[in-house]
Structures are given as C-alpha cells and as structure tokens.
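*Asks:* Here it is: the structure, laid out below.
The values are calculated or read from the model by the stated rules, or taken from the named source; none is laboratory data. None of these values were measured; they are calculated from a predicted model. Backbone-built Cβ (ideal geometry, glycine too); neighbour counts: all protein chains shown. Surface accessibility is based on the protein's heavy atoms, side chains included, excluding ligands, DNA and RNA. Shrake-Rupley method; radii C 1.70, N 1.55, O 1.52, S 1.80 Å.
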Amino acid sequence: MINKPKLDIVTLCGSVRKESYNAALVRALPAIAAGDLVFREGPSVADIPIYDGDLESISGFPSAITALAGLIREADGVIIVSPEYNYSVPGGLKNLLDWVSRTPNQPFAKKPVLIQSVSGGPLGGARMQHHLRQILVFLNARIFARPEVMIGPASAKFSAEGVIVDAPTREAVRTQLAEFSDYIREFRI
Ligand code: FNR
C-alpha cells in the first residue's frame with residue numbers, strides 16, 4: 001500500500017438532481033478510498049446537448065465533450081455512478097457516452113471502468129449496471145467485474161444530508177475501490 005503511485009480517476013454521474021444519492025456517492029469517494037486514488041469529476045450530463053449528427057458535422061464536438069474525452073484519455077480509470085431509470089441507463093448519461101464514443105481515438109478503448117449505482121429500490125440499480133456494461137463492451141472498455149456495488153434502498157443507506165450512514169455499504173465501496181486500484185495496476189505492469 002505504501003508509496004503506490006497515484007492513479008487519476010474521472011467520475012461521471014448519471015443524475016443531475018441536487019439531492020441525488022448518486023452524486024452524494026461521487027462526493028464521498030475521496031474520503032472512502034485509500035490515498036492512492038485522485039478523483040476528478042466529469043461534466044454534468046445536463047450540460048451536454050442531445051447527440052445530433054448534423055451538429056457534429058457542422059460545429060464539431062461540444063467543448064465539454066472534447067474536454068471530457070481528453071480527461072478520460074489521460075486518466076488511469078473511470079468510475080460511472082448512476083441511478084437506474086426504467087430498468088436502464090438514464091438518457092442523459094447515455095447521451096454523454098454517445099458523444100464521447102464519436103471522438104477521435106475513442107477514449108474508453110482499453111480504459112479501466114468501474115460502475116456503481118444507488119437506487120430507491122432494493123436492487124440498487126442492478127439492471128442499469130447490466131445495460132451499461134453492454135454499452136461499455138462496444139466501447140472496448142476494460143470493465144471491472146467484481147465485487148459489485150449496488151446500493152439500495154438508498155433511504156436506508158444514506159442520511160437525509162446525503163451521507164452514507166450504513167457501515168457495511170461504506171466498507172463495500174472501500175473494498176471495491178481497493179480492488180479497482182489493483183485491477184488498473186495489473187494493466188500498467
Ligand atoms: C426511477 N427510479 C428507479 N429505481 C429503480 O430501482 N429502478 C428503476 O427502474 C427506476 N426507474 C426510475 C425512472 C425514473 C424516470 C426516475 C426519475 C426514477 C427511482 C430511482 O432509483 C430514485 O429516484 C433514485 O433516487 C434516483 O437517483 P438519484 O437522483 O437520487 O441519484
């Protein structure tokens with residue numbers, strides 16, 4: 001553990017709600033992780049226009065997408081934290097991924113990616129994770145498999161202020177982040 005070189009991690013969040021549980025999890029990650037991970041938040045999915053091939057042809061990529069693609073290319077890994085909407089990936093997040101997938105030197109290719117989810121229901125966003133994995137397969141990402149983090153029901157695991165109050169949940173996140181760190185380092189040898 002001591003003197004491990006730091007790893008740069010980009011986080012993306014599928015919810016734009018002010019009191020989003022998923023955004024709360026993103027904010028909690030630095031305090032939960034061991035000191036070897038450095039987190040940088042990607043743009044809000046609300047700031048990305050709907051993917052439009054005409055817009056891409058005429059104006060090129062939105063500046064937020066060009067910047068994000070660069071961040072991901074330079075990062076050691078990506079963590080996507082998202083709710084489940086109607087058993088799947090929220091539209092805003094899918095839209096962001098669709099834009100990024102169009103950028104040159106597609107940045108998710110061979111990039112280690114970890115998925116986390118929080119939902120109001122007891123399955124914790126499991127079905128969203130399954131769909132997101134399918135998308136990331138097409139992008140040729142190195143999708144971290146297990147342990148999985150699917151947190152639900154959110155109201156039983158977070159306080160009203162958005163703090164994770166359930167100790168086993170914090171521990172599960174800590175363990176997963178440590179394993180993700182090892183997973184990334186396996187590719188760097
Ligand atoms: C939901 N929610 C939800 N939950 C779930 O477990 N499975 C689902 O399929 C859905 N579908 C769904 C669709 C839409 C449009 C909304 C708005 C919500 C509930 C969802 O888990 C809950 O609202 C979370 O709190 C949303 O995450 P944030 O915004 O708190 O991060």
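*Asks:* List the lysines whose alpha-carbon lies under 28 Å from that of Lys18, not counting same-chain residues fewer than 8 positions away?
*Replies:* List returned: Lys94, Lys157.
*Asks:* Here's another thing I want to ask about it. Take each uninterrupted DSSP H stretch in the chain, measure its Cα extent along the helix axis, and return the ones at 18 Å or beyond whose mean Kyte-Doolittle hydropathy is at least -0.5.
*Replies:* Long hydrophobic helices here: 126-138.
*Asks:* Additional query: Accessible area per residue of region 7-188 at 1.4 Å probe, in Å²?
*Replies:* 47 Å²
*Asks:* Rounded to the nearest percent, how much of the accessible area of region 7-188 (1.4 Å probe, protein heavy atoms only) is carbon and sulfur?
*Replies:* Exposed carbon and sulfur together represent 52 percent of the surface.
*Asks:* Still on this structure: Starting from the Cα of Asp182, step 7 Å along the direction of its Cβ; do the same at Lys18; then give the gap between the two resulting points in nm.
*Replies:* With each label placed 7 Å out from Cα toward Cβ, I get 4.2 nm.
*Asks:* Here's something else I'd like to know. Would you compute, from DSSP H runs of 4+ residues alone, the mean residue ellipticity of the chain at 222 nm, taking -39500 (n - 2.57) per run and dividing by the full residue count, rounded to the nearest 500?
*Replies:* Result for the chain, helices only: -13000 deg cm²/dmol.
*Asks:* I'd like the accessible area for Leu55: 1.4 Å probe, protein heavy atoms, all chains in place, Å² to the nearest 10.
*Replies:* The accessible area of Leu55 comes to roughly 60 Å².
*Asks:* What longest region of the chain stays clear of GluC sites (Glu not before Pro) that DSSP places outside H, G, I, E and B and that have at most 12 other Cβ atoms within 10 Å?
*Replies:* It runs 20-160.
*Asks:* Between Lys110 and Glu171, 0.36 nm times their residue separation minus their Cα-Cα distance comes to what?
*Replies:* Additional length available on full extension: 19.2 nm.
*Asks:* Still on this model: Roughly how large, in nm² to one decimal, is the mean projection of the convex hull of the alpha-carbon atoms in region 62-189? Kindly include the intermediate steps, with their values, before the conclusion.
*Replies:* Values: hull surface 33.0 nm².
Directional mean of the projected Cα hull area for region 62-189 stands at 8.2 nm².
*Asks:* Another question, if that's okay. Put a dot 7 Å past each Cα toward the Cβ at Asp8 and Ser159; how far apart are the dots in nm?
*Replies:* For the pair Ser159/Asp8, the computed spacing is 3.4 nm.
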